[in-house]
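Here the structure comes first, spelled out in structure tokens, and everything after it is commentary.
The values are calculated or read from the model by the stated rules, or taken from the named source; none is laboratory data. Note that this is a predicted model, so its numbers are computed, not measured. Glycine gets a Cβ as well: all are built from the backbone with ideal geometry, and neighbour counts include every protein chain shown.
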Amino acid sequence: MKLLNKTSLIILTITLFIFFLGGITFYKIIQTMIIKRVDRELISQKNDIVDQLNAMHMVDNAYPVTVGKFLIKPADSGLQIRESFKDTVLYDQREKLYSPYRLLEFTTVVMEKNFKVSVFRSMFDAENLIEKIVLTMMLMLLAFILALFFLNRYFFRKIWDDFFFTVNKAKKYNLRDDPNLDLPYSEVEEFQILNQVFEKLTERIHKDYNNLKEFTENASHEIQTPLSVMHSKIELLLQHGNYSEEQISQITKLGDAVNRLSSINKVLILLTRIENNQFPELSTVHLKERIEYHLGNFKELIEARNISVECTLNSDIEITVNTGLADILIINLIKNAIRHNFDNGKLKINLGNSTLEIINTGPKHDIPADQLFNRFVRTQNTGDSLGLGLSLVKKICELYDFDVRYFNTDELHTVTVSFSH
């Protein structure tokens, strides 16, 4: 969820909660104020009734309720009722419905007789007044909340413009082409601090990038030189002769180790260069042509192991990548499928509209699919390492936002590269 939407949602939720509680509180306050006012009027009316009764020379046994005014009934001499306020309803003959009333009951003595007096006051107009006041206030509060919500979004966008500018600049930041962010000055102190942190961070990253790039180039040159010397010395040793079979075997193994070390060094340097995005040159690559070309280079190895090959290649598929990396991707996928295949096995290559699928037979392994593309991952069954080939494939796919996946069913293994998501 975006920050603007989340902030607006939180403010709206809190405001509605306060609005709900405020509405109830406001209603209760208005209701209490009106009830107190009606109670005061009832007490005033009570005093008038008592004064009128004391001024009379005789009182009938009962007075009917007249338009909800009062009711006087004889009471037992021992009955004493203190002033008591109640809410009640009475049937209104004129309106033909029950209406709310406020009731005041008390006893009084007139001419040595005890009477119970009930004074009524209609609350119908008061209830209508409360409803209108509350409704008006609710509408005003609702309008205030909506205005607050939209004003918050408007001013939020204005205030956070510098922040979003920094974020967008950071998104588009290219370490190789644009070493400095060059962020503008912000009037908001926190955003200015953020800009300064970003600028210092990118300067440090750019410096580390240059150091790593320099190290990669130096390592590529300095390590390969002694390895080449070692390789040439081993060849010279083999040319002298007069060695026993065991000595020849040891020298040959040493040569193989040097070759493997040289190969690993080249691949590790290549991985570092890929991770540092040091392959900026892009071109259009025709996948069918490159697959057929590299498959031809493996022809002798395929024939030596008697692996049957089946290809279904779409000639219209093109991708925009670095040509060298595209070749490395294809070579490693084919080499992996051949290396981990059976003698007399099968290899199938399918190039669809947006996917490249390499299917090969081969022995089962216990490597989880999510770990297959890790460097030097080993099977627990045989202890053999899968090397760096699939790690290179993974890094190249990550560089160009391709999706690479591995599936296996018994002794059938499938690697799929999707060129679009």
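Test Phe149 against the criterion of being within 30 Å of Phe26 (Cβ to Cβ), loosely packed, with under 14 Cβ neighbours inside 10 Å and of a type in the set (Phe, Trp, Tyr), and give yes or no. Considered against the rule, which asks whether it is within 30 Å of Phe26 (Cβ to Cβ), loosely packed, with under 14 Cβ neighbours inside 10 Å and of a type in the set (Phe, Trp, Tyr), Phe149 comes out as no. For segment 122-153, filtering for residues that are assigned to a helix (DSSP H, G or I), in contact (Cβ under 8 Å) with a residue 12 or more places away in the chain and not aliphatic (A, V, I, L, M) leaves 5. Of the residues Glu246, Glu217, the single one that is under 48 Å from the mean Cα position of the chain (by Cα), acidic (Asp, Glu) and assigned to a helix (DSSP H, G or I) is Glu217. So which residues in segment 176-200 are surrounded by 15 or more Cβ atoms within 10 Å (Cβ to Cβ) and outside any helix (DSSP H, G or I), if there are any at all? Within segment 176-200, Pro179, Leu181, Leu183, Ser186 meet the criteria. When Glu214, Glu203, Glu246 are checked against the criterion of being among the charged types (D, E, K, R) and surrounded by 12 or more Cβ atoms within 10 Å (Cβ to Cβ), Glu203 stands alone in meeting it. One residue stands out in segment 15-43 among those that are among the aliphatic types (A, V, I, L, M) and closer than 30 Å to Asn152 by Cβ: the one that is farthest from the chain's Cα centre (by Cα), namely Ile30. Checking each residue in segment 204-258 for being of a type in the set (Asp, Glu) and more than 19 Å from Thr272 (Cβ to Cβ) picks out Glu235, Glu245, Glu246, Asp256. Comparison of Ser232, Ser263 shows that the only residue that is outside the structural domain of Glu398 (by TED's automatic domain parsing), assigned to a helix (DSSP H, G or I) and farther than 22 Å from Val393 by Cα is Ser232. Please work out which residue is nearest to Leu53 (Cα to Cα), limiting yourself to segment 98-145 and to residues that are surrounded by fewer than 16 Cβ atoms within 10 Å (Cβ to Cβ) and of a type in the set (Asp, Glu). If we take residues in segment 98-145 being surrounded by fewer than 16 Cβ atoms within 10 Å (Cβ to Cβ) and of a type in the set (Asp, Glu), then Glu112 is nearest to Leu53 (Cα to Cα).
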